[in-house]
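The next block holds one structure in the form of structure tokens; read it before the comments.
The values are calculated or read from the model by the stated rules, or taken from the named source; none is laboratory data. Keep in mind that this is a model prediction, so the values were computed, not measured. Cβ placement follows ideal geometry from the backbone for every residue including glycine, while neighbour counts extend to all protein chains displayed. Only protein heavy atoms, including side chains, enter the accessible area calculation; ligands, DNA and RNA are left aside. Shrake-Rupley method; radii C 1.70, N 1.55, O 1.52, S 1.80 Å.
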Amino acid sequence: MFGNSPLKLDIDCKKTKTWERLPILTRIPSRVNISPNFTQENIMSKKRVLSGIQPSGSLHIGNYFGMMKQMIKYQEQSELFCFIASYHALTSVSDGDRLREDIINVALDFLALGLDPKKSVFWVQSDVPEVTELTWILSNVTSMGLLERCTSYKDKIAKGLSPVHGLFAYPVLMTADILLFQSEVIPVGKDQKQHVEVARDIATRFNHTYGETFVMPKPQINDDIALIPGVDGQKMSKSYNNTIEIFCADKALKKKVMSVVTDSAGVEDKKDPDSSVPYQLYKLFATAEQAQDLADRYRAGGLGYGTAKKELLAMISDYFAPFKKKREDLANNLDYVHELLNEGAEKAREFATPTLDKVRQKVGLKY
Ligand code: ADP
Ligand code: TRP
């Protein structure tokens with residue numbers, strides 16, 4: 001589908017920069033007319049949703065069901081700001097070539113899976129370096145105690161990451177991501193909730209010190225989204241080496257799926273679907289009827305895990321097949337992808353600049 005369509009982003013760039021007299025949280029530069037979602041009428045009623053994902057390895061089906069699918073849905077009903085957290089990835093990736101590759105791969109994954117730059121603002125964090133200036137300014141209203149209480153720093157050190165300043169200050173950068181775009185709703189996994197609380201604390205402190213400046217963001221934790229298990233039954237995670245990548249090659253996918261952990265029940269034994277990892281994964285892709293049908297077959301006995309895994313493999317392949325084709329088309333048009341990312345960064349900057357100007361004015365850097 002993508003291959004046949006003219007690969008072009010439809011941005012109406014009026015040259016004027018007249019600002020509407022709207023409150024800071026709802027102001028939109030008139031030249032940024034990127035989608036029906038971003039019109040001045042809609043902007044008054046639609047919430048601004050922002051989230052980011054780190055390009056620190058290949059994205060997996062845990063990332064897809066736990067984050068990306070939700071984000072792609074948000075673009076239909078909200079003002080979606082979605083970015084590739086490249087500065088954050090520096091806390092765990094120290095190979096420049098790898099980071100370069102991962103940034104493009106995440107962009108290809110998101111675009112192939114349906115993120116539409118016409119309906120959202122999609123950019124690479126480091127293409128809008130204004131966020132680092134805001135990070136520094138915010139660092140001066142961030143108490144050490146607040147950062148010392150963040151559990152993810154301690155968890156990451158325990159997992160072997162270097163105890164560097166970037167890792168310690170990571171929640172301030174995340175706060176700057178959120179506040180620079182005056183974001184209201186921040187969909188995150190449970191592990192990131194504390195960081196959004198930090199953003200609220202820092203926003204409160206800044207607003208108190210310098211006067212009302214930032215919108216108060218709220219974390220959005222979707223409790224319906226179960227933690228997706230990896231092939232070993234633990235939480236699927238890049239750091240546990242137990243992932244099934246979204247765009248895994250056929251042979252490798254088969255190998256991964258066939259390696260999914262099970263108990264030692266024989267073919268004829270009755271099985272409990274809810275405690276079976278292949279079934280938990282199958283359910284993500286299946287309709288309610290398909291899931292019920294498989295659960296019944298588990299309980300009846302006569303279904304071997306080998307067969308169950310083959311059915312899971314077919315489900316995963318069929319689900320991602322159309323996205324795979326789109327990803328290939330995009331990968332063959334990298335200039336176009338770069339163009340989209342450049343335009344995304346330009347759009348993001350249109351929103352970031354007025355906030356940063358206001359902050360510079362308030363703290364006294366504008367003289
Ligand atoms: P990883 O653990 O592989 O490093 P990240 O921590 O970068 O993944 O997570 C990126 C996003 O994907 C987050 O929003 C997170 O909540 C979601 N996510 C990651 N793994 C899972 C999982 N196993 N189940 C559900 N959501 C997940
Ligand atoms: N720290 C998040 C993660 O590792 C990614 C991220 C960076 C983020 N900046 C953000 C998420 C701002 C939400 C809002 O998953």
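Quick rundown of the values:
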{"quantity": "GLY304 being modelled with pLDDT of 95 or more and surrounded by fewer than 20 Cβ atoms within 10 Å (Cβ to Cβ)", "calculated": "yes"}
{"quantity": "Candidates ALA203, ALA252 - the one that is in a helix (DSSP H, G or I) and buried (at least 16 other Cβ atoms within 10 Å of the Cβ)", "calculated": "ALA203"}
{"quantity": "The range 56-74, residues that are assigned to a loop (DSSP other than H, G, I, E, B) and near ligand 1 (Cβ under 9 Å from one of its atoms)", "calculated": "SER56, GLY57, LEU59"}
{"quantity": "PHE247, sole failed condition from (1) closer than 30 Å to TYR74 by Cβ; (2) in contact with a Gly (Cβ under 8 Å, 6 or more places away or on another chain)", "calculated": "(2)"}
{"quantity": "Filtered residues of the range 206-220 (kept if open to solvent by less than 70 Å² (accessible area, probe 1.4 Å) and within 16 Å of ligand 1 (Cβ to nearest atom))", "calculated": "PRO217, PRO219"}
{"quantity": "GLN182 vs. criteria open to solvent by less than 40 Å² (accessible area, probe 1.4 Å) and in contact (Cβ under 8 Å) with a residue 12 or more places away in the chain", "calculated": "yes"}
{"quantity": "Residue in the range 172-184 that is modelled with pLDDT under 95, assigned by TED's automatic domain parsing to the domain that holds MET68 and of a type outside the set (S, T, N, Q) present", "calculated": "no"}
{"quantity": "The range 186-212: number of residues that are farther than 18 Å from PHE168 by Cα and more than 10 Å from ligand 2 (Cβ to nearest atom)", "calculated": "11"}
{"quantity": "ASP223 assigned by TED's automatic domain parsing to the domain that holds VAL359, modelled with pLDDT under 95, away from ligand 1 (no atom under 11 Å from the Cβ) and exposed (fewer than 15 other Cβ atoms within 10 Å of the Cβ)", "calculated": "yes"}
{"quantity": "Scope the range 285-301; condition buried (at least 19 other Cβ atoms within 10 Å of the Cβ) and aliphatic (A, V, I, L, M); matching residues", "calculated": "ALA286, LEU294, ALA295"}
{"quantity": "Boolean, VAL215 is more than 30 Å from ARG48 (Cβ to Cβ) and either assigned by TED's automatic domain parsing to the domain that holds GLY160 or more than 16 Å from ligand 2 (Cβ to nearest atom) (or both)", "calculated": "no"}
{"quantity": "Given (1) assigned to a strand (DSSP E or B); (2) over 17 Å from the mean Cα position of the chain (by Cα), number of the condition PRO219 does not satisfy", "calculated": "(2)"}
{"quantity": "Residue selected from the range 330-365 under the condition more than 18 Å from LYS118 (Cα to Cα) and of a type in the set (D, E, K, R), by the criterion surrounded by the fewest Cβ atoms within 10 Å (Cβ to Cβ)", "calculated": "ASP357"}
